[in-house]
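The values are calculated or read from the model by the stated rules, or taken from the named source; none is laboratory data. Being a predicted model, the structure only gives us computed values, none of them experimental. Cβ: placed from backbone, ideal geometry, glycine included. Neighbour counts: every protein chain shown.
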């Protein structure tokens, strides 16, 4: 994925909630990542989603942080704040308890970039650790899928 981003000169950024920096950690663990990874924002607290990433506070109040539109707004905010071409965002419920009226395992992964925007809803199961790990894998796959999409 890093090689593909380098080949296409696509800079990357992350906005993470339930993954707590796991996506950025996975990206930056690859040699050559420093040429394309601009950074990551861990917005674990709802207030940080609003104040740093610019997620509409009314949207957060009405729907909570576990929402497809929140995921997309987080990705848009990361793209703006980090100045990257492609951003990925994660938000969801890793457990042990439900949150924002959503069951454990409800996850949204969003990407935004020059080739468009996408939000994927996941219904994951397993332990908190497994849900977080599966979310990181899904976010990395979303980035790779976006990098491999033909230009519009």
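Collect the residues in region 55-84 that are crowded, with 20+ Cβ neighbours inside 10 Å, part of a loop (DSSP other than H, G, I, E, B) and touching a residue at least 40 places away in the same chain (Cβ under 8 Å), keeping them in residue-number order.
Hits for region 55-84 are 65, 66, 67, 84.
Give the residues of region 103-140 that are outside any strand (DSSP E or B) and closer than 13 Å to residue 87 by Cα, sorted by residue number.
114, 115, 139, 140
Using the structure shown, decide if residue 107 is surrounded by fewer than 18 Cβ atoms within 10 Å (Cβ to Cβ) and closer than 22 Å to residue 134 by Cα.
It is false that residue 107 is surrounded by fewer than 18 Cβ atoms within 10 Å (Cβ to Cβ) and closer than 22 Å to residue 134 by Cα.
Kindly check whether there is at least one residue in region 89-101 that is more than 17 Å from residue 24 (Cα to Cα), surrounded by fewer than 23 Cβ atoms within 10 Å (Cβ to Cβ), over 14 Å from the mean Cα position of the chain (by Cα) and without any contact (Cβ under 8 Å) to a residue 12 or more places away in the chain.
Yes: region 89-101 contains one or more residues that are more than 17 Å from residue 24 (Cα to Cα), surrounded by fewer than 23 Cβ atoms within 10 Å (Cβ to Cβ), over 14 Å from the mean Cα position of the chain (by Cα) and without any contact (Cβ under 8 Å) to a residue 12 or more places away in the chain.
Is at least one residue of region 123-133 surrounded by 14 or more Cβ atoms within 10 Å (Cβ to Cβ), at pLDDT below 95 and farther than 16 Å from residue 14 by Cβ?
No, there is no match, as no residue in region 123-133 is surrounded by 14 or more Cβ atoms within 10 Å (Cβ to Cβ), at pLDDT below 95 and farther than 16 Å from residue 14 by Cβ.
Where residues in region 19-39 are in contact with a helix residue (DSSP H, G or I) (Cβ under 8 Å, 6 or more places away or on another chain) and surrounded by 23 or more Cβ atoms within 10 Å (Cβ to Cβ), which of them is nearest to residue 137 (Cα to Cα)?
23
Please verify whether residue 18 is within 19 Å of residue 128 (Cα to Cα) and in a loop (DSSP other than H, G, I, E, B), treating the condition exactly as stated.
Yes.
Look at region 45-54 and say how many of its residues are touching a helix residue (DSSP H, G or I) at 6+ places or on another chain (Cβ under 7 Å) and surrounded by fewer than 16 Cβ atoms within 10 Å (Cβ to Cβ).
Residues that pass the stated criteria total 1.
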